[in-house]
Amino acid sequence: MGARSFATFLDRADVTDRVLGVVKSFEKVDPAKVTAKSHFVSDLGLDSLDTVEVVMAFEDEFTLEIEDKEAEKIQTCEDAINFICAHPHAK
Amino acid sequence: MGERTQVLALFKKLMRASRSFTHYNFREYALRRVRLGFREKAGVSDPAQIAELVGEGSKQLEVVRKQALISQLYPQARHVMEGTRK
């Protein structure tokens with residue numbers, strides 16, 4: 001492979017585990033229902049304000065800041081995983 | 001910026017500011033009040049009323065920020081509910 005380094009990006013499996021962990025620990029969520037495909041509103045029964053709180057929890061977990069425009073697009077666990085995997089500063 | 005985005009952004013700012021209270025009781029009250037305040041008005045659809053509420057929320061945001069800052073200047077012992085972590 002070329003000299004491009006992906007060292008700064010996080011491992012997808014690891015991100016998936018952490019994202020699901022964050023969602024499962026959210027008070028209003030039934031942990032048994034959470035999968036990578038879960039939609040916050042239609043599958044997990046959250047509203048738009050809860051979704052904002054979940055995104056804030058992702059920001060804390062991965063020490064990054066998610067712009068409002070980006071945050072709005074995060075509606076499922078998978079969206080969050082994709083966003084975080086593509087984010088160079090996620091820790 | 002759409003109304004929805006604006007309201008959600010305000011919610012986020014208020015949650016952030018509320019979390020910065022050092023005192024457990026103030027912090028928990030602020031978080032609870034912000035969540036409740038937004039849900040109380042969730043059914044409002046009139047743009048003029050939404051604009052008015054956003055203005056009101058923005059004023060409250062300044063109050064929360066100021067009070068949270070003041071609370072940081074007067075640290076107190078940890079509340080029993082916070083346990084001994086950190």
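Remarks
- Here the stretch A:28-82 is treated with +1 on each Lys and Arg Cβ and -1 on each Asp and Glu Cβ, and its dipole about the Cα centre works out to around 320 debye.
- Among the trypsin sites (Lys or Arg not before Pro) in the stretch B:28-85, those placed in a DSSP loop whose Cβ has at most 15 other Cβ atoms within 10 Å are B:LYS41, B:ARG78, B:ARG85.
- Within the protein assembly as shown: Cβ-based charge dipole about Cα centre, in debye rounded to nearest 20 (Lys, Arg +1; Asp, Glu -1): 600 debye
- If you wrap chain B in the convex hull of its Cα atoms and look at it from every side, the mean projected area works out to 6.3 nm².
- The ratio of the alpha-carbon radius of gyration of the protein assembly as shown to the globular-protein estimate 2.2 N^0.38 Å is 1.15.
- Both radii come from the Cα set of chain A: Rg as radius of gyration, Rh as Kirkwood radius; their ratio Rg/Rh reads 0.99.
- Of all lysines in the structure, the ones whose alpha carbon falls short of 20 Å from that of A:LYS37, not counting any fewer than 8 places away in one chain, are A:LYS24, A:LYS28, A:LYS73.
- Across the stretch B:3-75, Cα pairs under 8 Å and at least six residues apart give a relative contact order of 50 percent.
- Scanning residues 5 or more positions from A:THR76 or on other chains, those with amide H under 5 Å from its amide H are A:PHE40, with H placed 1.01 Å from N in the peptide plane.
- Total charge dipole magnitude, the stretch B:3-75, about the Cα centre, Cβ charges on Lys, Arg, Asp, Glu only, Debye to nearest 20: 360 debye
- Of the residues A:PHE9, B:PHE38, A:PHE40, ranked by 1.4 Å probe accessible area with the largest first, the sequence reads A:PHE9, B:PHE38, A:PHE40.
- A:ASP60-B:ALA51 FRET efficiency (beta carbon distance; Förster radius 35 Å; 0.05 resolution): 0.65
- Dividing the summed -39500 (n - 2.57) terms of all DSSP H runs of n ≥ 4 by the residue count of chain B sets its mean residue ellipticity at 222 nm at -24500 deg cm²/dmol.
The values are calculated or read from the model by the stated rules, or taken from the named source; none is laboratory data. What you see is a predicted model, and the numbers here were worked out from it, not measured in a lab. Every residue, glycine among them, receives a Cβ derived from its backbone with ideal geometry; neighbour counts consider all protein chains shown. Please note that ligands, DNA and RNA were not included when accessible areas were found on the heavy atoms of the full protein model with its side chains. Shrake-Rupley method; radii C 1.70, N 1.55, O 1.52, S 1.80 Å.
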